[in-house]
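This report concerns only the one structure given below.
Just so you know, all these numbers are worked out from the coordinates, no wet-lab data involved. Small disclaimer: the values here were computed from a predicted structure and weren't measured. A quick note on method: Cβ atoms are made from the backbone with ideal geometry, for glycine too, and the neighbour counts reach across all protein chains shown.
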Amino acid sequence: MILLEHHKSAKREIITRFEQLAAVAEGVGMTTLARDIRTTRIPKLESERFHLVVLGEFNHGKSTFVNALLGSEILPTGITPTTASINHVVWAANPTARVMLLTGESRYLEPSQLKDWVTVAGNRASEVSYVELGYPSPLVENNVVLVDTPGVNDLNEQRAEVTYGYVPRADAVVFLLDAGQALKDSEREFLRSRVLESARDRMIFVLGKMDMLSSDEKVAVTDYVKKNLAAMMPDPVLFPLSARDWAKSKDPHSGMPELMQYLERFLARDRAQTILDNAAADASRTAAYVENNLGVRMHSYSLNIVELEERISAVREQLDTSKRKLDELHARIDAEAESIKSQIGLDLEQFAKSFVQALPAQIDAVDANDVKAYLPQFIEDKFKEWAELEGAKLAAMLEHLAEEVISITNENVAAAAGALAERLGPEDTAVEITVDSFKYDVGIYAVGALGTTVMLFVNALAGGLLTLAAPILAIVLKSKIAGDIRVQAKDRVPAAVLNAAEAMKPHFDKCIDDFGKRLSEFVSNAGNTLYKGISEILDRTMRERRESGGDIEEMKGVTSAQILQVRAATSALKQLRENLHGEDPDAPPAELSAGD
């Protein structure tokens with residue numbers, strides 16, 4: 001992908017600037033910052049990936065479509081093979097296949113073994129976390145990971161993982177529709193309830209198997225799908241195409257070239273730009289921090305030793321106060337976590353009791369055969385419905401807690417920075433130390449990763465509730481007499497429901513505890529970074545003044561040169577960000593019409 005090559009070049013530029021800043025920071029004793037840049041910020045930027053997730057129901061030609069995207073027959077296709085595993089396709093010089101097991105182990109596969117692990121017929125999906133396929137496809141060359149998923153109409157734990165694990169973090173989501181049965185009720189429901197809220201601005205719809213229709217049918221189906229998608233979301237992006245025609249002969253009229261062009265532009269212009277802009281902004285903040293600390297050093301040269309010691313002592317006093325207040329946040333986090341656990345526990349108890357109270361009337365209202373046939377699914381659906389709503393509520397509560405903690409952290413960081421600026425900062429320099437980059441990471445964790453973890457586990461648990469209730473339900477469902485079925489269902493199922501609800505609480509508690517632990521780690525890291533960052537520059541400045549013997553002109557010259565280095569990096573980063581937001585004169589019109 002040509003545009004992603006430009007992204008690669010810009011990324012190298014940002015990494016170079018980070019490396020320059022790390023060298024300057026290390027040179028003036030800011031070892032904590034230098035280490036953070038080299039071990040955290042640069043690796044994070046180097047390892048970023050673009051995730052392209054492909055969704056669709058079973059037997060919609062999804063594997064054929066993915067193979068067409070990749071330019072080769074990588075995934076098994078045909079009448080029998082149906083994808084049962086989640087597959088990650090990554091770039092590799094030579095074809096490779098590796099299965100990642102739920103146990104944490106991995107196993108390399110021969111090509112002949114692939115079908116056994118990725119298809120329904122292979123019957124190994126229950127053992128698999130995902131399968132990683134390496135292939136030298138241009139589509140995945142520049143850190144793109146194509147995620148091929150099982151059919152979304154498969155109501156199991158993997159679908160929950162796709163919905164709540166992969167979709168919210170995807171850079172683009174391709175939803176494959178079958179032109180022969182386009183936009184069924186099940187697809188509409190899945191989109192409304194599972195996908196659109198978290199990925200609306202990244203959705204790309206593909207109307208496949210267009211080669212099966214006549215010219216008039218193609219027009220009618222395309223219009224129908226466009227109209228109905230527009231009722232669900234504004235300005236839907238739709239590409240009618242034939243993956244089969246493209247795979248056979250690279251037919252330029254298959255619709256695939258337009259989709260490939262759109263994907264490249266979407267990933268490079270929209271998603272890559274966001275990643276690069278965030279990284280460049282972080283590097284710019286780091287440069288400002290380094291320059292301000294260099295300004296502190298420069299200003300210290302105009303003070304005598306006694307005055308410098310007095311001012312440093314005053315800064316340390318404020319620094320100790322700020323760090324102490326941050327340390328006190330741990331108790332608040334623990335208390336809030338306990339309060340949230342209590343609220344979730346009450347909600348769970350109330351749900352279970354209400355469900356049990358309503359069950360007898362619902363059982364009496366239906367035919368005995370329906371009780372036997374549909375009761376397990378009914379119970380599962382009710383638990384899933386509640387678990388999803390409660391998961392969203394929990395995510396909101398945790399997000400609110402994170403925002404409060406981040407706000408308090410920023411206030412204390414600002415107080416310490418203010419003391420440094422007041423006591424030692426040059427008159428024309430305002431020292432600004434923030435944790436904005438941490439705020440972004442933790443905020444996303446609260447809303448995204450943690451929220452998805454909550455929803456993922458409750459859906460997975462809801463999907464397995466019948467395992468907890470199986471011994472009781474087995475007795476109920478073995479009954480041959482209509483009257484007995486109802487009596488036993490009303491007598492035994494409530495206990496199964498209460499037991500299943502009770503089994504959910506420890507999982508909620510663990511999720512909340514894990515979040516609290518992560519938030520406490522954030523506070524500790526922020527406090528340590530603040531304390532070490534300022535202390536290191538103060539210690540180094542004081543030591544050099546004592547060792548200089550009064551001759552500080554050489555030190556001034558070195559510091560001035562370092563300030564110029566940092567300013568050059570700042571200027572380069574500013575120009576890079578302006579270029580990122582500028583228009584590409586060679587780009588096709590933004591209003592490129594999908595599927596026209």
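Phi-derived couplings, Karplus 6.51 cos²θ - 1.76 cosθ + 1.60 at θ = phi - 60°, listed residue by residue for the range 95-111: x, 9, 8, 9, 9, 9, 7, 5, 6, x, 7, 10, 8, 7, 10, 7, x Hz, with x used for Gly and Pro.
Say R0 is 35 Å: what FRET efficiency, to the nearest 0.05, do Lys393 and Asp223 get from their beta-carbon distance? Don't skip to the end; give the middle numbers.
On the way: r = 40 Å, r/R0 = 1.15.
Given R0 = 35 Å and the Cβ-Cβ separation, E is 0.30.
Suppose R0 equals 56 Å; then what is the FRET efficiency for Glu403 and Arg543 from their Cβ-Cβ distance, rounded to the nearest 0.05? Don't skip to the answer; put the middle values down first.
Numbers: r = 40 Å, r/R0 = 0.71.
Rounded to the nearest 0.05, the efficiency is 0.90.
As a proxy for reagent exposure, Ile14, Ile552 were ordered by neighbouring Cβ count within 10 angstrom, fewest first; the result is Ile552, Ile14.
Here each label is just a point 7 Å from Cα along the line to Cβ, and for Asp551 and Asn304 those points are 2.2 nm apart.
For the range 178-192, the Karplus equation 6.51 cos²θ - 1.76 cosθ + 1.60, evaluated at θ = phi - 60°, returns couplings of 9, 4, x, 8, 6, 6, 5, 4, 5, 6, 4, 5, 4, 5, 5 Hz by residue, with Gly and Pro reported as x. For Val144, nonlocal amide neighbours, meaning residues 5 or more places apart or on other chains whose placed amide H falls under 5 Å from its own, are Phe50. Put simply, the amide H of Val90, placed in the peptide plane, has neighbours under 5 Å in Leu133, Gly134, Tyr135, leaving out anything fewer than 5 places away on its chain. Projecting label points 7 angstrom from Cα along Cα→Cβ for Ala281 and Asp116 puts them 5.0 nm apart. The simple spin-label model puts a point 7 Å past each Cα toward its Cβ; for Glu46 and Lys248 those points are separated by 4.7 nm. Beta bridges per DSSP, both residues in the range 50-254: antiparallel share near 35 percent.
At full extension, His330 and Ser215 could sit 34.8 nm farther apart than now, given 0.36 nm per residue minus the alpha carbon distance.
Could you calculate the FRET efficiency of His507 with Arg192 from 1/(1 + (r/R0)^6), where r is the beta carbon distance between them and R0 is 30 Å, rounded to 0.05? Walk me through the numbers on the way to the answer.
Details: r = 27 Å, r/R0 = 0.90.
The pair His507/Arg192 has a calculated efficiency of 0.65.
Peptides 211-219, 329-337 ordered by packing proxy, namely the average of other Cβ atoms within 10 Å per residue, highest first: 329-337, 211-219. Amide H contacts under 5 Å for Leu183: Asp178, restricted to partners 5 or more places along the chain or on a different chain, H placed in the peptide plane at 1.01 Å from N.
Computed from phi, the 3J(HN,Hα) profile of the range 258-273 under the Karplus parametrisation 6.51, -1.76, 1.60 (θ = phi - 60°) reads 5, 5, 4, 5, 5, 4, 4, 5, 5, 5, 6, 7, 8, 6, 5, 4 Hz, with x in place of Gly and Pro.
Determine the sum of side-chain charges near Thr32: Lys and Arg each +1, Asp and Glu each -1, restricted to other residues whose C-beta is under 9 angstrom from that of Thr32. Provide the component values of the computation, followed by the final result.
Numbers: positive: Arg35, Lys532; negative: Asp36, Glu536.
For residues surrounding Thr32, the net value is 0.
Computed extension length for Arg98-His581: 170.0 nm, one decimal, from 0.36 nm per residue of separation with the Cα-Cα distance subtracted. Is the range 261-407 best put as rounded, prolate or oblate by its Cα gyration tensor, with a ≥ b ≥ c the root eigenvalues, rounded for a/c under 1.5, and otherwise prolate when a/b is larger than b/c, oblate when not? Oblate, since a/c reaches 1.5 and b/c is not below a/b. With the cut-off at under 19 Å, measuring from each backbone N in the range 539-572 to a point 7 Å along the Cα-to-Cβ line of Ala314 picks out 539, 541-542.
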